[in-house]
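The values are calculated or read from the model by the stated rules, or taken from the named source; none is laboratory data. On a predicted model such as this, the values are computed, not experimentally measured, just so you know. As a convention, Cβ positions derive from the backbone with ideal geometry for all residues, glycine included, and neighbour counts pool all protein chains shown. What goes into the accessible areas is simple: the full protein's heavy atoms, side chains included, and nothing from ligands, DNA or RNA. Shrake-Rupley method; radii C 1.70, N 1.55, O 1.52, S 1.80 Å.
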Amino acid sequence: MVSKMEIITKIADIQYISQQIKKNGNTVGVVPTMGYLHKGHLSLIEKAKNETDKVITTLFVNPTQFAPNEDFDAYPRDFERDCNLAEDAGSDFIFAPETSEMYPKNFITSINIKGITSKFEGASRPNHFNGVALIVAKLFNATLPDVAVFGQKDLQQTLVIKALVRDLNFPIKIVIAPTMREANGLAMSSRNKYLSEENRKKAGIIFKALEDASHAIYRGEIERKRINAFLHKTLRTLPEIQIDYACAADADTFAEPEEFLPGENIALMIAVHLGKTRLIDNALVKIPSQLNDSNFIEGI
Ligand code: AMP
């Protein structure tokens, strides 16, 4: 099939294309991905298509966000399938540079984001978010978008990117799209490919834990440790799961007070190992401003 969508591999070429689109009075959206696309990625492309005239999907497995012991080499890749899926979802361009294009031999710059990166994924994966910030900054400068779409699935990453855009003055609107899930609640992820069929079914327990803790909050629970206990209790019903973290925190700052305040937005954050696969998920929940009957869910 002859593709309408163009595949670009050079930074100078995608910069020129983006500049021309904007010169013609149109807007550019970008969806950064590491490829091996699934419906979660495609929902971001569709969202970008609704927000802008031309969409660039980037495919780049970024070495600087993987630690040496992580799965950079094994990370699933399928370029042709990704191109077909992205085009069907409405992408106008694929930007898929070689590693040497993004990180030539004389590359010496880094970005260091503090505070929010010290917890959760940042604590488990030191330097991960600095690598994310670096590649996202480079992809922004390569694609020159008006709008960039990211998934809530990687909630901490969205905070990092908002900080990056604010602190380095990127004139880009950041849009966060909801997490796409399998029928059993498992958040879609390229890494789900590593799960056995049996573990894929069992991994629905992660969503169940988020639901159980959310219900406790809607019933009036405000004590952080007790909310955390709800997450742990449900996860522990599956003995083969190893919990990396399962915690509640303020959704904007990741502060962890003893008690949350009425009206506060809470992030429920989970990372677990199931078999050899590390899975992350999260939910955003608002502490009810007033406990009344409408906060009670289905007689729980
Ligand atoms: P990745 O290829 O894993 O780096 O992800 C690329 C983008 O897709 C990031 O903004 C992710 O947050 C987003 N994403 C990943 N999984 C999902 C999902 N299940 N639903 C929505 N967005 C997702």
- Note on the structure: Accessible-area order for 119, 286, largest to smallest, probe 1.4 angstrom, reads 286, 119
- Distance from the stretch 181-216 to the stretch 79-94 (C-alpha centre basis), Å: 26 Å
- Message: Around residue 285, under 12 Å between beta carbons, what's the net of Lys plus Arg minus Asp minus Glu among the other residues?
- Response: -3
- Task: Work out how much length residue 50 to residue 16 would gain on full extension: take 0.36 nm times their residue separation and subtract the Cα-Cα distance, in nm to one decimal.
- Result: 10.0 nm
- Fraction of the pair-distance distribution of the stretch 1-59 above 15 Å, Cα-Cα pairs, percent: 54 percent
- Take the alpha carbon gyration tensor of the stretch 154-241, find the square roots of its eigenvalues, order them as a ≥ b ≥ c, and report rounded if a/c is under 1.5; if not, report prolate when a/b exceeds b/c, else oblate. oblate
- Starting at the first residue of the stretch 227-233, write each ³J(HN,Hα) from the Karplus equation 6.51 cos²θ - 1.76 cosθ + 1.60 with θ = phi - 60°, in whole Hz, x for Gly and Pro. 5, 4, 5, 4, 4, 5, 4
- Message: Amide H of residue 58 versus every other amide H placed in the peptide plane: which residues, excluding those fewer than 5 positions away on the same chain, fall under 5 Å?
- Response: 31, 33, 95
- Check the straight Cα-Cα distances from residue 114 and name the lysines below 16 Å, setting aside those fewer than 8 residues away within the same chain. 162
- Item | Chain lengthening between residue 70 and residue 242 when straightened (0.36 nm per residue, less Cα-Cα) | 60.2 nm
- At 20 °C in a medium of viscosity 1.002 mPa s, the chain has a Stokes-Einstein diffusion coefficient, with Rh taken as the Kirkwood radius over alpha carbon pairs, in µm² per second, of 105 µm²/s
- Message: Just to make sure I understand: if all protein chains stay in place, what is the order of 259, 223, 70, 121 by accessible area at 1.4 Å, largest first?
- Response: 259, 223, 70, 121
- Task: Enumerate the whole-percent occupancy of each 5 Å bin, from 0 to the last occupied one, for all C-alpha pair distances of the stretch 74-231.
- Result: 1, 7, 11, 14, 20, 18, 13, 8, 5, 2, 0, 0
- For the stretch 92-169: accessible area per residue (Å², 1.4 Å): 43 Å²
- Query: Among all the lysines, which ones have a C-alpha under 18 Å from residue 105's C-alpha, if same-chain residues fewer than 8 places away are not counted?
  - Reply: 10, 138
- Gap in Å between the Cα centre of the stretch 1-64 and the Cα centre of the stretch 110-134? 25 Å
- Query: Karplus couplings for the stretch 266-275 from phi (6.51 cos²θ - 1.76 cosθ + 1.60, θ = phi - 60°), rounded to Hz, Gly and Pro as x?
  - Reply: 10, 9, 9, 10, 10, 9, 9, 9, 10, x
- Query: Of all DSSP beta bridges in the chain, what percent run antiparallel (nearest 5)?
  - Reply: 50 percent
- Report in % the part of the accessible area of the chain that belongs to carbon and sulfur, leaving out ligands and nucleic acids; probe 1.4 Å. 51 percent
- Given charges of +1 on the Cβ of Lys and Arg and -1 on the Cβ of Asp and Glu, with all other atoms neutral, how large is the dipole of the chain about its Cα centre, in debye to the nearest 20? 240 debye
- Task: Order the following by accessible area, largest value first: 81, 278. Probe radius 1.4 Å; ligands, DNA and RNA are ignored.
- Result: 81, 278
- On full extension of the chain, what length is gained from residue 168 through residue 141, given 0.36 nm per residue of separation minus the C-alpha to C-alpha distance? 8.5 nm
- Normalise the Cα radius of gyration of the stretch 29-124 by 2.2 N^0.38 Å (N = residues in it) and let me know the number. 1.22
- Message: Tell me the angle of helix 204-218 to the major Cα principal axis of the chain, expressed in degrees between 0 and 90 and rounded to the nearest ten.
- Response: 60 degrees
- Task: Kindly express, to the nearest 10 degrees and within the range 0 to 90, the angle between helix 128-143's C-alpha long axis and the longest C-alpha principal axis of the chain.
- Result: 40 degrees
- Item | Sequence-distant lysines (8 or more away, or on other chains) whose Cα lies within less than 20 Å of residue 201 | 39, 153, 193, 233, 276
- Karplus-derived HN-Hα couplings along the stretch 235-251 (A = 6.51, B = -1.76, C = 1.60, θ = phi - 60°), whole Hz, x at Gly and Pro: 4, 6, 5, 10, x, 7, 7, 9, 7, 7, 8, 8, 9, 9, 8, 4, 5
